[in-house]
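These notes concern the structure reproduced below.
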Amino acid sequence: MSLFTCDLILRGALLDKETPEDIAISDGRIASIGADLPAAGAVEIDLGGRVVLPGFVDSHIHLDKACLLCRCQHTSGGLKGAIAAVSQLKAEFTADDVYERGRRVVEQAILQGTMHMRAHTEVDPRAGLRSFNAIKQLKSEYRSCLDLQSCVFPQEGLTNDPGASELLLEALSNGADLLGGCPYTDTAPYEQLNWLFKTARDFDVDLDLHLDFDLDPSGSLLDEVCRLTDQTGWHNRVAVGHATKLAAMTEPSFTAHVARLKASGVAVTALPSTDLYLNGRDIGSLSPRGIAPVHLLAEQGITCSIATNNVLNPFTPFGDCSLLRMANLYANCMHLSPDDFDACLSLITHSAARLMGLSDYGVMVGNAADLVVLDATNRLEAFGAIAQPLLGFKSGKQTFERPPARLFRETAK
Ligand SMILES: [Zn+2]
């Protein structure tokens, strides 16, 4: 009699080897991986050689201002116009309204295979703590399917927005997991950065900043972020999002910034859909892509991610919460080849998990059984064709199912 026991066996899972293997799950963790594992009385699911990846990690998304298309006049004012449009609406947001729009996005993300998420939520005198409280409720109610980190930040500036800092401190005292920032909208960006790093140290929380968001190669705040990271000792605890000046720098300047980021352990997130939509609008028909080349940073050992950012709002009037589609969009825009597809997958899985400080992540014995099954029997094709997620398991429990599409064709008699 076998001493091996488990709750669930996924048979025929294509991991990173040539041939499919079985994954045995016990008490929410991966108990064993190998060929022909004994059934040991477990429930068995045959995956038919389909690709299995660890649950996707969306390290940067705004749930509080998602799904506003029906409520906004279409704005064509770029970044400033988008901030102004949401600022107007924000004062009217109720906790129920934010919860309902956030719920739609969270459920859609779960169905797309996302199992970890960092929600950046605006906390300022217009939003008060209403959005923050709604996200807190979502975090609690969806915890069996999704680990949600709550990152609070001042979208419209800090030093120029009286009352914002007090509200942020209140959120941090009431369950916010980490602190965000947005120095590019502040009249005193250096002052904002100082306050953010001091507060992060006071509360012992990580930082995830909206950094620069334009294609002017000058005036980057990356050096200052690295300096403060070194001074605070916050290595591997600071991430910056957008950082699109990296897409506009000369080669020597880019190389110098890469070395600086690496030395300070500062992570970088690209947000391809928003970066493409908002950047370069004033340049005309030869508009650049305007996305930080995070695959090049990752090659140098910098922790990076690709994330959703916005869904159906003035910042990005697109989105289906598919991280696989977002990474595919990035690869397409950045001229990446199939040799790069695995590295791109890491930007929505392993590397993004590192950025969020997750432990127990990845399809390895002993780790949490957070798994997504894609409708593909080849990893390259899964990435290139944006294969549909068919099944998801969070801590070994099934969280969704999407039956494959079926074709009905009349055949000649
Ligand atoms: Zn953002």
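Among the conditions (1) under 23 Å from the mean Cα position of the chain (by Cα); (2) free of Cβ contacts under 8 Å to residues at least 12 places away in the same chain, the only one that V86 does not satisfy is (2). If you go through segment 307-346 and keep only what is closer than 22 Å to L390 by Cβ, open to solvent by less than 20 Å² (accessible area, probe 1.4 Å) and within 16 Å of the ligand (Cβ to nearest atom), you end up with T308, C321, L323, M326.
Residues that are open to solvent by 50 Å² or more (accessible area, probe 1.4 Å), under 24 Å from D124 (Cβ atoms) and within 16 Å of the ligand (Cβ to nearest atom): does segment 51-63 have at least one? No, segment 51-63 has no match at all.
The set of residues from segment 11-44 being of a type outside the set (D, E), open to solvent by 40 Å² or more (accessible area, probe 1.4 Å), over 27 Å from the mean Cα position of the chain (by Cα) and under 25 Å from Q388 (Cβ atoms) comprises R11, T19, P20, I33, V43.
Close Cβ contacts (under 8 Å, 6 or more residues apart or on different chains) running from residues in segment 318-344 that are more than 30 Å from C72 (Cα to Cα) to residues that are crowded, with 22+ Cβ neighbours inside 10 Å and of a type in the set (G, A, S) comprise D340/A331; F341/A331; C344/A327; C344/A331.
Entry remark, segment 86-101: residues being open to solvent by less than 20 Å² (accessible area, probe 1.4 Å) and within 18 Å of P317 (Cβ to Cβ) number 3 in total. Tallying residues that are more than 18 Å from L179 (Cβ to Cβ) and either modelled with pLDDT of 95 or more or touching a strand residue (DSSP E or B) at 6+ places or on another chain (Cβ under 6 Å) (or both) within segment 216-226 yields 2.
Considering the conditions (1) under 28 Å from A84 (Cβ atoms); (2) open to solvent by 20 Å² or more (accessible area, probe 1.4 Å); (3) in a loop (DSSP other than H, G, I, E, B); (4) at pLDDT 95 or above, I283 is excluded by exactly one of them, (4). The single residue among A327, A256 that is more than 16 Å from the chain's Cα centre (by Cα) and assigned to a helix (DSSP H, G or I) turns out to be A256.
Do we have L380 as surrounded by 18 or more Cβ atoms within 10 Å (Cβ to Cβ), in contact (Cβ under 8 Å) with a residue 12 or more places away in the chain and more than 16 Å from the ligand (Cβ to nearest atom) here? Answer is no for this residue.
The values are calculated or read from the model by the stated rules, or taken from the named source; none is laboratory data. A quick note: this is a predicted structure, and the numbers were derived from the prediction, not measured. Backbone-built Cβ (ideal geometry, glycine too); neighbour counts: all protein chains shown. SASA here: full protein model, heavy atoms, side chains in, ligands and nucleic acids out. Shrake-Rupley method; radii C 1.70, N 1.55, O 1.52, S 1.80 Å.
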